[in-house]
Every structure is written in C-alpha cells, then in structure tokens.
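The block underneath contains the structure these notes are about, expressed in structure tokens.
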Amino acid sequence: MTDLFSKFDALIAERQALLDTGVRDPFAIVMDEVKSPTLAIIQGRPTILLGTYNYMGMTFDPDVIAAGKKALDDFGAGTTGSRVLNGTYQGHKACEDALKEFYGTAHAMVFSTGYQANLGMISTIAGKGDYVVLDADSHASIYDGCGLGNAEVVRFRHNSVEDLDKRLGRLSADAQKLVVLEGVYSMLGDIAPLPEMVAAIRKHPNCMILVDEAHGMGFFGPNGRGVYEELGVEKDIDFVVGTFSKSVGTVGGFCVSNHPKFEVLRLVCRPYVFTASLPPSVVATAATSIRKLMHAGDKRAHLWKNSKRLHAGLREMGFTLGTETAQSAIIAVMLPDQETTVRMWQALLEQGVYVNMARPPATPAGTFLLRCSLCAEHSDDQVGDILDRFRAAGQAVGCIS
Ligand code: PMP
C-alpha cells in the first residue's frame, strides 16, 4: 500500500531492525517518578539523570514551586487565549520585567516555547528578499524560522569565522541580513567564537545579529546572561533568544532586545499571536527562577566543577569527546556507529545512569553520540558514581579497554 506515510518506510524498518537486536528504545523512556533534578525512577531503578537541560537544578527549588502553586490558586490552570487578546496576565508582564532586569535590556517578549521564539523572531524579521546567514549546525527551530519567513538561507561552516566572512562578502551590500548564532551548540557542547564573528560581521553593511543562548543562560557571564556576556560582545548583539526549558527549569521562550521598534513584533509575529499564552503557574515559576538565577554564583561554580571533572575523567578512560576541554555543561561522547551507541546507552541505563542518545539528523556530519549534561545539583558522589558506571559500561560494550 502506498500513501502519504510511505516516505517513512525506511526509517520504520531501520528502527525495527535495531529493536529486534533486543535493545531498549532510546526514544521511549518513561520517568515513572522524579525525585530531584538529578534522580528519577526508571523501570523501578533509581537512575542518575545525566541527560536533562536542568543545568541549574531549578525544577525543585522551593521558592519556584511555591510561586507556581500560588499562581495556580490565584489565576487558574490556563489563560485560554493569545497574548494579544485575553492571554496577558500580570504574571506575563512580571516575567517580562524579570527578563529585562536579568538581561539589562529595554524589551522582553515571552513566547510559549523557545522553539516558537526562534520560529517567530527569525520568520518575522527576515522575510522574502532578506537573508538569514546561519551556522550549518544550527538548531532545528532556527532552520524552521527561515522556512516560515521565506528568507534566503546562507549557511556557513560550523563555527568558521572565515567562512562566515566569505559568505557575507558575496551578498549584495544593500540586502538586509540577519546573522543567527548560538552561544553553545547543544550537540557537541562547543561554544561560538563570538568576538571574532562579530568583528567579521561588522565589516559588512546591513547586518543584524541574533544569538540563541538556550544552553548558555544561567551560568556563562558575570550575570549568567550567556556566552555573549562572558565573551564581552553584549553591545554588538541585537537580539538574544532563550528558553525557560533549560536553566530556568520550566517551559517557555523569549527574546530580549534594545531595538527601538521591538514592541511592534507583538502585532506581527505569528508564533506569538496565533497561539495560547503560557499558563499563569508557568510564568510565575519562570519569573521566580530567573530572579534567583541572578544570584546563583555558588551553583554556577559547582556546575563548572562538575563539567570539568566529568570531561577529564571520561577522557582519561579513553573516550573520544566532542571538545578538547569542557567548554559548557554538555559533554558529548562520540561513538563509531548506531549499534555501539545504543548498546552503550543501554549499558549505562542498566547501571543507573540516563544520558541522551543523539543521531543524525540532530547531530552534525552523520555522527552518533551520547550527550551528557551536568547539573549544578549533581553531588560530588554522583559525579564519582557516573564515572565508575561509564567505565563499567564502556568496558562491557568494548568502547574502552
Ligand atoms: N534553541 C536551542 C539551541 C535549543 O537547543 C532548543 C531546545 N533544545 C531550543 C532553541 C528550543 O527550546 P524549547 O525547548 O523551549 O522549545
């Protein structure tokens, strides 16, 4: 039978062949109980969570939870409407105020997810006849934003300043260009050379810069704003996009900016206008978390310590990692093929460690990897246990000697 689903046949067959080897489905894990930011019960087994975006461990913060419960009691379960109609409550404004303070910007706009923030920002400001110049390894939401807006897409080689410069040089000086970068690239955990990129972009006229700081918010820079703050290019960035689904510990997305006409986006940005706003409990938890992240120096320090320790330990065992040193809270363990990756993933799960399995097309250049992401709430003992279990799993699967 041929129908609209026929195009998925190869994928269905590949998946079935993998499951027939007896491994568990890495994309069908259920957390039966979640005890803390770093511990869950998966199929009856206490499991250390090493594959979440909960970098700052805010999901169980008592103040964050209390704020959410209060908003649920005071304002109900949902807004049942768009931000531009009945869906803006005082909590949405308070959340935007918290963001403006956190980022030191004049404007902040909250979206229902980070995906929608990229989709909305890119598609609305770069339309037909404009250019979006982006890193080849950009997140799916950035590519989808280009598609929705119908701009011409120009890709440059991942993190290559030279290629970025060259491709900008080929575009007409009169054309309006949006350059989209990410502070941290989430598959390998590497960071962008933003100062060098900004310098290259500044040589070309009519360029604006948007940086996605999804994986940098909370622990890069003196105020936790992201890699662009850490590397000192705040004044050069026109738009910062971020998410509440990582360091903030809930769900939602945003863009902050000092552009004088920014507020017009509330009227013309389709992924902002044509969807329901976040529930009051979510914006209350986000605002409380963002304010606490302004004073989270100790957590930041512990997160960096965890990341560096895991990186050094895995490297010493002989694993191939995505970066030479720990550049962020993400450490990617590179593996040769899908089968080894799934076997290693399963061996870790059986030892009580959950990591993300990533495969093409999410990963760059056809690579298979296990993505480990650290949390500020991982204890020293947990990081020790993670290292012991990686050694045991790696030896059992034959990835290390
Ligand atoms: N940008 C990047 C770089 C991301 O990694 C993600 C999510 N993984 C998003 C945007 C989307 O964020 P959200 O989960 O809030 O939709």
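Can you find even one residue in the range 178-196 that is surrounded by fewer than 18 Cβ atoms within 10 Å (Cβ to Cβ), within 25 Å of Met58 (Cβ to Cβ) and away from the ligand (no atom under 16 Å from the Cβ)? Scanning the range 178-196, I find no residue that is surrounded by fewer than 18 Cβ atoms within 10 Å (Cβ to Cβ), within 25 Å of Met58 (Cβ to Cβ) and away from the ligand (no atom under 16 Å from the Cβ), so the answer is no.
Yes/no matrix, rows are residues, columns are (1) away from the ligand (no atom under 16 Å from the Cβ); (2) over 24 Å from the mean Cα position of the chain (by Cα); (3) in a loop (DSSP other than H, G, I, E, B):
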site: Thr79; (1), (2), (3): yes, yes, yes
site: Ala94; (1), (2), (3): yes, no, no
site: Glu101; (1), (2), (3): yes, no, no
site: Tyr143; (1), (2), (3): no, no, no
site: Val154; (1), (2), (3): yes, no, no
site: Asn159; (1), (2), (3): no, no, yes
site: Ser172; (1), (2), (3): yes, yes, yes
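Scanning the range 224-253 for residues that are near the ligand (Cβ under 10 Å from one of its atoms) and either under 12 Å from the mean Cα position of the chain (by Cα) or of a type outside the set (Val, Ile, Thr) (or both) yields a count of 10.
Only residues that are among the small types (Gly, Ala, Ser) and loosely packed, with under 14 Cβ neighbours inside 10 Å were counted across the range 290-305, and they come to 2.
Looking across the range 111-120, the residues that are within 11 Å of the ligand (Cβ to nearest atom) and not in a loop (DSSP other than H, G, I, E, B) come down to Phe111, Gly114, Tyr115, Gln116, Ala117, Asn118, Leu119. Each residue in the range 125-141 was checked for being in contact (Cβ under 8 Å) with a residue 40 or more places away in the chain and more than 16 Å from the ligand (Cβ to nearest atom), and 6 pass.
When Leu171 is tested against the conditions (1) closer than 16 Å to Val132 by Cα; (2) crowded, with 24+ Cβ neighbours inside 10 Å; (3) not charged (D, E, K, R), the lone failure is (2). Being more than 12 Å from Ala287 (Cα to Cα), surrounded by fewer than 19 Cβ atoms within 10 Å (Cβ to Cβ) and either in contact (Cβ under 8 Å) with a residue 60 or more places away in the chain or within 16 Å of the ligand (Cβ to nearest atom) (or both): is that true of Thr88 here? Yes.
Every residue, every condition in (1) crowded, with 16+ Cβ neighbours inside 10 Å; (2) closer than 25 Å to Asp61 by Cα, yes or no:
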residue: Leu321; (1), (2): yes, no
residue: Leu335; (1), (2): yes, no
residue: Pro361; (1), (2): no, no
residue: Ser373; (1), (2): yes, yes
residue: Leu387; (1), (2): yes, no
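Output yes when any residue across the range 200-223 is within 22 Å of Ser277 (Cβ to Cβ), in the same structural domain as His139 (by TED's automatic domain parsing) and away from the ligand (no atom under 15 Å from the Cβ), and no when none is. No; the residues of the range 200-223 include none that is within 22 Å of Ser277 (Cβ to Cβ), in the same structural domain as His139 (by TED's automatic domain parsing) and away from the ligand (no atom under 15 Å from the Cβ). Those residues that are over 15 Å from Asn206 (Cα atoms) and in contact (Cβ under 8 Å) with a residue 40 or more places away in the chain, I need them from the range 157-176; list them, please. Within the range 157-176, just His158 meets the criteria.
Among helices (runs of 4 or more DSSP H) entirely within the range 246-365, having at least 2 residues that are under 21 Å from Gly51 (Cα atoms) and modelled with pLDDT under 95 singles out 338-350. Of all residues in the range 193-237, those being in a loop (DSSP other than H, G, I, E, B) and without any contact (Cβ under 8 Å) to a residue 24 or more places away in the chain number 2. Taking the listed residues Ala117, Ala98, Ala136, the one that is closer than 30 Å to Ser289 by Cα, modelled with pLDDT of 95 or more, of a type in the set (Gly, Ala, Ser) and out of contact with any Gly (no Cβ under 8 Å at 6 or more places or on another chain) is Ala98, with no other qualifying. The residues listed here are Gly51, Gly44; of these, the one that is in the same structural domain as Arg343 (by TED's automatic domain parsing) and in contact with a Lys or Arg (Cβ under 7 Å, 6 or more places away or on another chain) is Gly51. The residues on offer are Val264, Val256, Val240, and the sole one that is in contact (Cβ under 8 Å) with a residue 60 or more places away in the chain, assigned by TED's automatic domain parsing to the domain that holds Ile201 and within 22 Å of Leu85 (Cα to Cα) is Val256.
The values are calculated or read from the model by the stated rules, or taken from the named source; none is laboratory data. The shown structure was predicted, so the numbers you read here are calculated from the model rather than taken from an experiment. Cβ coordinates were reconstructed from backbone atoms using ideal geometry, including for glycine residues, and neighbour counts include every protein chain displayed.
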